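First up is the structure itself, then whatever we jot down about it.
Laboratory data are not the source of any read-out in this text; all were calculated from the coordinates shown. Predicted model only: the values in this text are computed from it and were never measured. When we count neighbours, we look across all protein chains shown, and the Cβ atoms used for this are built from the backbone with ideal geometry, even at glycine.
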Amino acid sequence: MTEPKKKEEKEVSGKAEAKAVKAKKEVKPKAVKTVKKTPAKKEPAATEEAKATTLAVEKDQQAAAKNAKGGSFIPSVGRRKRAIARVRLIKNGKGTVSVNGKAMEEYFTTYDLRTQVVAPLKAVGQDTAVDVSVKVLGGGIRGQAEAIRHGIARSLIVLNPTFRKTLKKLGYLSRDPRQKERKKFGLKGARRAPQWSKR
């Protein structure tokens, strides 16, 4: 190589190094975002009341569970459609009904379903005398409510056989056999046949 070419290469490499050094110097530190601390919001009185009621319900449920462990409960099973309810009727209660660990009002949101659940208790005047603890699974919300009703009615008969006449008259003791009919092969549904085509 000739001397002028070597000089040019040195100048080019020197310029590249100078640019790299400048780029390092020009790197700006990243801006740090500051988060403002907001004061804790005070909860409205309505939520505090709701908490108090849930705590009271939980205490009642714990007391009911203790009574149940002592053997002072009447177990029974209620069924409707695909729903199965395991019911424990706890003697000497206050009238609390818990479903799957929740208060009945929390589990069944509609008035109609709530009235169906406690209907057998009200029919025989035991709505404030006993507690009910239920574990229910399967089916829909209405099927579950009617399964619980069936189970409670069965437990009440064991508690006092004289309740049978009243509960039987209202139809709370009969297992409702109506269910969704199974689909058949070759058909679109249980009975629905495929559309007939002439050609």
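Just a few scattered comments:
- Within region 99-114: backbone nitrogen closer than 17 Å to the THR54 label point (7 Å, Cα to C-beta): 99-109
- A simple rule links phi to the HN-Hα coupling: the Karplus curve 6.51 cos²θ - 1.76 cosθ + 1.60 with θ = phi - 60°, which for region 161-175 gives x, 6, 6, 4, 4, 5, 5, 5, 4, 7, x, 7, 8, 7, 6 Hz, with x for Gly and Pro.
- For VAL97, the amide hydrogen comes within under 5 Å of the amide hydrogens of MET104, VAL132, counting only partners 5 or more places away or on other chains and with H modelled in the peptide plane.
- Cleavage-rule hits (chymotrypsin sites (Phe, Trp or Tyr not before Pro)) in region 92-199: DSSP loop, at most 13 neighbouring Cβ within 10 angstrom: PHE185, TRP196
- When peptides 117-126, 93-102 are ranked by their average number of other Cβ atoms within 10 Å per residue, the highest-first order is 117-126, 93-102.
- Legend: distances between Cα atoms for LYS102/LYS165; LYS91/LYS180; LYS51/LYS81; LYS122/LYS169; pairs beyond 26 Å are LYS102/LYS165; LYS91/LYS180; LYS51/LYS81.
- For region 107-122, the Karplus equation 6.51 cos²θ - 1.76 cosθ + 1.60, evaluated at θ = phi - 60°, returns couplings of 7, 9, 7, 9, 4, 4, 5, 4, 5, 5, 5, 8, 4, x, 5, 5 Hz by residue, with Gly and Pro reported as x.
- Estimated vicinal HN-Hα couplings, Hz - region 128-133 in sequence order (Karplus 6.51, -1.76, 1.60; Gly, Pro = x): 10, 9, 10, 9, 10, 10
- Taking Lys and Arg as +1 and Asp and Glu as -1, the other residues whose beta-carbon sits under 9 Å from that of HIS150 total +3.
- Computed FRET value (nearest 0.05) for ARG182 with ARG114, which takes r as the C-beta separation and R₀ as 30 Å: 0.40
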